[in-house]
Amino acid sequence: MLVEHLSFAYPWMFAAFLLLPIISYLRLKKQVHRVLIPYAASWLPPRRNSAPPMWKAVLLYVSLALLILAAARPQKMIALQPTEKQGYDIMLAIDLSGSMLAEDAFQNGKRVSRLRAILPIIQQFIRNRPNDRIGIVVFGGKAYTLANLTMQHDWLEEQIGRLSVEHLEDGTAIGDALGIAVSRLTQKDRVQEGVRTGSFIVLITDGANNSGYLQPLQSAQLAARLGIPVFTIAVGRQGVVPFPVFDRAGHLRGYENRVSEIDFDTLQHISRITEGKHFHAEDAATVEKIFAEIDKATPKRFSAERVTLTTEEFHWLAIPALLFLFLSLLLRGSTNATSF
Amino acid sequence: MALAGFYRSAFRGRGVDFDQVVKYVYGDDVRTIDWNVTARRGEPYRKKYIEERELSLHIFFEEGPGMFFGSGNRICRECALDFIALICYLCVLNRDCLSINHLTASSHTFYKPGRGRSSLFATAQKILNSPYRVISGQIEDTKLSQVLRTTVRLLPKHTIFFWLSDFPPRDIPKVWPILQQRFVCIGVRIDDPWYTATPRSGMFSAIDTSDGETLTLDWGNPKVRRQHTQWRHCREQIWKRLFPAAADRLTLQVGQPTFKQLYEFLLRRTRLSQRCSLNI
């Protein structure tokens with residue numbers, strides 16, 4: 001990202017403008033030595049209408065002013081913001097358990113599964129944060145790192161587009177997922193003054209922790225100790241939701257109603273101890289709002305270490321100044337005291 | 001006193017009436033030598049004629065702005081005053097009658113004809129001590145003609161009329177032919193090096209004293225050089241029209257000794273006049 005602006009390195013040089021009236025006064029007072037030469041006028045070639053003496057003085061003062069401006073060192077500053085230095089490290093922990101197939105979300109009036117509903121929104125979220133490094137952890141019965149922290153968001157979006165429930169064994173290992181996310185964030189060193197800043201985890205789930213080695217709260221404490229906020233998003237409605245039933249060949253056979261088992265208490269607890277936030281999304285629209293809120297809670301930061309590329313621009317002033325000076329010297333016959 | 005001898009020979013033809021025999025001085029016309037007396041006395045003597053006694057001279061000193069200029073050590077005015085002083089001295093030696101017109105842009109002084117040491121030295125003193133002021137502005141043509149016209153009436157015929165000036169290019173006064181008829185007119189022109197040659201280089205911010213204009217004079221500029229050459233040419237033309245005979249033109253270079261230049265002029269004039277009289 002480029003930010004251009006013009007500034008002067010030595011603005012105190014502008015004080016030299018005060019010298020101009022003094023110079024003009026001294027020039028007026030100056031005694032000019034002249035030779036008395038009789039008949040000299042008849043030795044000069046007949047004059048064309050030469051430039052009035054004013055011009056010489058005007059050119060001189062313009063060139064002086066330009067020289068002063070040039071001496072003030074105008075610089076074009078281009079602020080270069082290195083992408084690594086700004087923004088957040090974000091781990092997205094996405095639940096891919098079987099319950100994500102529950103079709104309790106609506107998109108364009110059509111019933112879709114929870115997963116289908118949230119994936120475009122996650123993609124949108126990634127797109128909104130071009131300066132952040134984002135990684136993805138997916139979890140079902142076990143948790144896997146789908147993508148380590150990366151700036152290659154196109155690739156991330158592609159990966160997210162491919163996500164489906166079938167890849168993983170059933171279950172919900174929230175604790176493991178959190179733990180992996182935390183460990184991914186700690187691998188990239190971003191400790192400032194002992195506190196990890198600029199990273200957070202977004203945990204998206206629709207169930208309760210029922211597998212894995214770590215308890216969610218253990219992982220949350222780990223995150224809290226490292227100062228990583230965890231935003232938890234509970235997806236899906238409470239109560240009875242339609243659930244697709246597949247036959248062995250994987251064809252949809254129909255729907256059956258099941259009770260969703262979202263563990264709100266644990267999610268709230270996680271977000272509280274890590275100073276994150278807990279959200280409950282019943283449909284796609286709410287998820288969108290939630291991501292917007294996360295965006296707001298973690299404003300895109302700019303790195304304090306700003307690298308600026310300064311280009312000296314004095315020659316744009318100095319060259320015309322010298323040109324004018326030269327021109328004023330060329331104008332002949334007007335070193336009169338009458339010109340100011 | 002060789003200068004005195006040449007002076008006599010240069011300005012007078014021989015008179016008709018024999019007066020006396022005097023000692024020969026180098027520069028006197030050799031044809032006037034009285035060989036009889038010379039043989040008797042063992043040293044050269046020459047015959048003196050009546051006409052020689054009465055010689056009237058006039059210096060018309062026109063002190064224009066050009067006189068206050070010198071590109072070297074001396075200004076033209078000094079050279080002109082040298083000349084006046086020398087003529088005064090020669091007149092004293094020959095007991096000739098000298099009057100002087102001193103004309104500047106702002107004043108006009110006529111020094112009455114005088115003869116002899118006291119009178120002429122007093123005149124010379126006055127002229128040499130005349131106030132030295134840089135006068136801006138040329139002598140007007142009308143004023144010049146007026147003074148010349150008065151001079152015609154004041155001076156006797158056959159007066160030797162020295163016009164001492166720097167002769168800038170200008171119109172010839174209408175009265176001039178009359179003066180040429182009545183008097184023996186001799187032009188004495190004071191020349192600064194800048195009036196006779198174009199300097200190679202140099203740039204001056206200057207005031208033209210002839211019209212008070214401020215300007216920058218750049219000798220490096222070919223246009224200026226061309227214009228100056230033209231001016232010189234014009235000046236030379238006027239000079240030759242005023243005094244057609246080469247023997248009547250005396251040019252005094254400021255940088256060179258005035259005495260030497262006057263001596264050479266008289267010598268040259270003597271030779272020319274002798275040649276003329278031989279032809280007759």
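The values are calculated or read from the model by the stated rules, or taken from the named source; none is laboratory data. A quick note: this is a predicted structure, and the numbers were derived from the prediction, not measured. Because the Cβ atoms are built from the backbone with ideal geometry, glycine has one as well, and the counts that use them run over all protein chains shown. These accessible areas exclude ligands, DNA and RNA; they are computed on the full protein's heavy atoms, side chains included. Shrake-Rupley method; radii C 1.70, N 1.55, O 1.52, S 1.80 Å.
What is the angle, in °, between the Cα long axis of helix B:258-279 and the longest principal axis of the Cα atoms in chain B? Nearest 10 is fine, range 0 to 90.
The angle comes out near 60 degrees.
How many square angstrom of accessible surface are buried between B and A, both sides summed, with a 1.4 Å probe and rounding to 100?
The buried area between B and A, both sides summed, comes to about 2300 Å².
Between residue A:292 and residue A:9, what's the calculated FRET efficiency when r is the beta-carbon distance and R0 is 30 Å? Round to 0.05.
0.10
Rolling a 1.4 Å sphere over the protein heavy atoms, what is the accessible area per residue of the stretch A:84-303, to the nearest Å²?
For the stretch A:84-303, the solvent-accessible area averages 47 Å² per residue.
How far is the Cα center of the stretch B:239-274 from the Cα center of the stretch A:261-288, in Å?
Computed from Cα coordinates, the inter-centre distance equals 125 Å.
For chain A, with all protein chains present and a 1.4 Å probe, just round the carbon and sulfur fraction of the accessible area to a whole percent.
Solvent-exposed carbon and sulfur of chain A make up 58 percent of the total.
About its Cα centre, how strong a charge dipole does chain A have in debye, to the nearest 20, once Lys and Arg get +1 and Asp and Glu get -1 at the Cβ?
Roughly 2920 debye, rounded to the nearest 20.
For residue B:223, go through the lysines and keep the ones whose alpha-carbon is under 20 Å away, minus same-chain ones fewer than eight residues off.
Within reach: none.
Antiparallel versus total DSSP beta bridges in the stretch B:167-256: what percent is that, nearest 5?
55 percent
Using a 10 Å cut-off on Cβ to Cβ distances, tally the other chain neighbours for every residue of B:167-173 and report the average as a whole number.
1
Do you know the relative contact order of chain A, to the nearest whole percent, from alpha carbon pairs under 8 angstrom that are 6+ apart?
This gives 25 percent for chain A.
Per residue, how big is the convex hull of the stretch A:84-303 when only Cα atoms are used? Give it in Å³.
109 Å³
Taking only Cα atoms, what is the 0 to 90° angle, nearest 10, from helix B:222-242's long axis to the longest principal axis of chain B?
Roughly 30 degrees, rounded to the nearest 10.
Give me the inter-chain shielding for B:63-76: mean count of other chain Cβ atoms within 10 Å, whole number please.
2
Could the peptides B:156-164, A:161-169, A:115-123 be put in order, highest first, of the mean number of other beta-carbon atoms found within 10 Å of their residues?
The packing order, highest mean first, is A:115-123, B:156-164, A:161-169.
Quickly estimate the mean residue ellipticity at 222 nm for chain A, helices only: each DSSP H run with n ≥ 4 gives -39500 (n - 2.57), and the total goes over all residues, rounded to 500.
Result for chain A: -11500 deg cm²/dmol, rounded to the nearest 500.
How would you rank A:36-46, B:183-193, A:201-211, highest first, on the average number of other Cβ atoms within 10 Å across their residues?
In decreasing order of mean packing, A:36-46, B:183-193, A:201-211 become A:201-211, B:183-193, A:36-46.
In whole angstrom, how long is each semi-axis of the equivalent ellipsoid of chain B, when you take the square root of 5 times every eigenvalue of its Cα gyration tensor and sort them from largest down?
Here the semi-axes work out to 37, 20, 17 Å.
If the elastic network links every pair of Cα atoms under 10 Å, which of B:122, B:247, B:206 fluctuates the most in the Gaussian network model of chain B?
Checking each option, the largest mean-square fluctuation is seen for B:206.
Using only atoms on other chains, find how many Cβ atoms lie within 10 Å of each Cβ of peptide B:187-196 and report the average.
For peptide B:187-196, the averaged partner shielding equals 1.
About the Cα centre of the protein assembly as shown, how large is the charge dipole given +1 on each Lys and Arg Cβ and -1 on each Asp and Glu Cβ? Please answer in debye to the nearest 20.
The dipole magnitude comes to about 6140 debye.
Compute the FRET efficiency between residue A:27 and residue B:126 as 1/(1 + (r/R0)^6), taking r as their Cβ-Cβ distance and R0 = 35 Å, and round to the nearest 0.05.
Efficiency computed from Cβ-Cβ geometry: 0.15.
Compare the Cα positions of A:287, A:204, A:25 along the charge dipole of chain A (+1 at Cβ of Lys, Arg; -1 at Cβ of Asp, Glu; about the Cα centre) and return the one farthest towards the positive end.
With unit charges placed on the Cβ atoms, the residue in question is A:25.
Kindly flag which residue pairs out of B:112/B:240; B:143/B:174; A:30/A:56 have an alpha-carbon separation exceeding 23 Å in this structure.
Cα-Cα > 23 Å for B:112/B:240; rest within.
How many percent of the accessible area of chain B is carbon or sulfur, using a 1.4 Å probe?
Its accessible area is 51 percent carbon and sulfur atoms.
I want the antiparallel fraction of DSSP beta bridges within the protein assembly as shown, as a percent rounded to 5.
Once the DSSP bridges in the protein assembly as shown are tallied, antiparallel ones form about 50 percent.
Of A:67, A:6, which has the most accessible area and how do the rest follow, probe 1.4 Å?
Sorted descending by solvent-accessible area, the residues read A:6, A:67.
Which lysines, on any chain, are close to residue B:48 with Cα under 27 Å apart, when same-chain ones fewer than 8 places away are left out?
B:23, B:157, B:260
Compute the distance from the alpha-carbon center of the stretch B:158-189 to that of the stretch B:84-142, in whole Å.
16 Å
Helix check for chain A. Which DSSP H runs span at least 24 Å along their own axis by Cα, with a mean Kyte-Doolittle hydropathy no less than 1.0?
Sorted by number, the helices that extend far enough and score high enough are A:53-71.
Evaluate E = 1/(1 + (r/R0)^6) for residue B:203 and residue B:107, where r is the Cβ-Cβ distance and R0 equals 41 Å; express this FRET efficiency to the nearest 0.05.
After rounding, the FRET efficiency stands at 0.75.
On a straight-distance basis, which aspartates and glutamates could pair with residue A:277 in a cross-link, Cα separation under 18 angstrom, same-chain partners fewer than 8 positions away excluded?
A:89, A:95, A:206, A:263, A:265, A:288, A:293, A:295
Looking at the stretch B:57-279, what % of its DSSP beta bridges pair antiparallel, to the nearest 5?
35 percent
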